[in-house]
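Undergrad: Starting off with a structure, shown below.
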Amino acid sequence: MNLKTLHLLLTTAAVISATPIVVKRASVAGIDVSHYQGTINWSTVKANGVQFVYIKATEGTTYEDPDFSTNYEGATNAGLIRGGYHFAHPDSSSGATQANYFLAHGGGWSGDGITLPGALDIEYNPSGAECYGLSASSMVSWVKDFSTTYHSTTGVYPVIYTTTDWWTTCTGNSASFASTNPLWVARYASAVGTLPAGWAYETFWQNADSGSNPGDQDIFNGDSAGLKK
Ligand SMILES: *[C@@H]1O[C@H](CO)[C@@H](O)[C@H](O)[C@H]1NC(C)=O
């Protein structure tokens, strides 16, 4: 290498290192809704740039969201990518039983490019012991039972919706789903923060419980093409 080449290389290196590297992460806006939101104007939601929605379908084995079908059809007609979610009650029946109930009431999946894998909403018990009275190992077994049942019917693993705090407390921060189940983490802050063990990244981030669109506000960690996949 002659001196002129060396000088050129050094100058180029200096220019490169002086240039701030801005890595802009691709992301897609979404929401999640239930009957609490009442009637939703899906064309407005779509016009606002929302591209996907998770819609509450079921809870335990005794509750179907009365607006699930209306919301699902509205979102579909507006051209949104959509899927259902199930609120887990791990104290009332097995994971398999609840997965089958969810599958029978809107939680199914199809590889049509507009359907998100069903999501398991597993989090703070709204009425009772935080972990529903289950030990960490029983909780992990319950989630496994739900997940493998869902997978054996649909061919995809359900998304797991939770918070890092709940997951740490109630599963002992189990890393045994990170290689199979996409993570949908809830944290109402400006950064997603520490994730539950094993997951290198979140697939969805619920970053606010209200915003400019109905329901909770979500971000897909990728671009539109990734979301369709
Ligand atoms: C939804 O909102 C749009 C404006 O964004 C409006 O034109 C339309 O009438 C609304 N639809 C219903 C059913 O209210």
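Conditions tested, residue by residue: (1) open to solvent by 20 Å² or more (accessible area, probe 1.4 Å); (2) more than 22 Å from A96 (Cα to Cα); (3) among the aromatic types (F, W, Y); (4) within 16 Å of the ligand (Cβ to nearest atom).
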| position | (1), (2), (3), (4) |
| --- | --- |
| S34 | no, yes, no, no |
| G38 | yes, yes, no, yes |
| I55 | no, no, no, no |
| D65 | no, no, no, no |
| Y72 | yes, yes, yes, no |
| T76 | yes, yes, no, yes |
| L80 | no, yes, no, yes |
| G83 | no, no, no, no |
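Undergrad: If a residue must be open to solvent by 50 Å² or more (accessible area, probe 1.4 Å) and over 21 Å from T164 (Cβ atoms), how many such residues does the range 111-134 contain?
TA: Residues that pass the stated criteria total 6.
Undergrad: Same structure again: Please count how many residues of the range 156-177 are open to solvent by less than 50 Å² (accessible area, probe 1.4 Å) and under 19 Å from L116 (Cβ atoms).
TA: 7
Undergrad: Out of S174, S212, report the one residue that is at pLDDT 95 or above and assigned to a loop (DSSP other than H, G, I, E, B).
TA: The match here is S174.
Undergrad: Could you name every one of the helices (runs of 4 or more DSSP H) located completely within the range 1-81 that has at least 1 residues being modelled with pLDDT of 95 or more?
TA: The helices (runs of 4 or more DSSP H) meeting that bar are 42-47, 68-77.
Undergrad: Could I ask something else about it? Are there any pairs with C-beta distances below 9 angstrom linking a residue in the range 200-229 that is without any contact (Cβ under 8 Å) to a residue 60 or more places away in the chain and buried (at least 18 other Cβ atoms within 10 Å of the Cβ) to a residue that is in a loop (DSSP other than H, G, I, E, B) and among the aromatic types (F, W, Y), with the two at least 6 apart or on different chains, and if so which?
TA: N207/Y188
The values are calculated or read from the model by the stated rules, or taken from the named source; none is laboratory data. Because the structure is predicted, anything quoted here is derived from the model rather than measured. Cβ coordinates were reconstructed from backbone atoms using ideal geometry, including for glycine residues, and neighbour counts include every protein chain displayed. Accessible surface areas use protein heavy atoms only, side chains included; no ligands, DNA or RNA. Shrake-Rupley method; radii C 1.70, N 1.55, O 1.52, S 1.80 Å.
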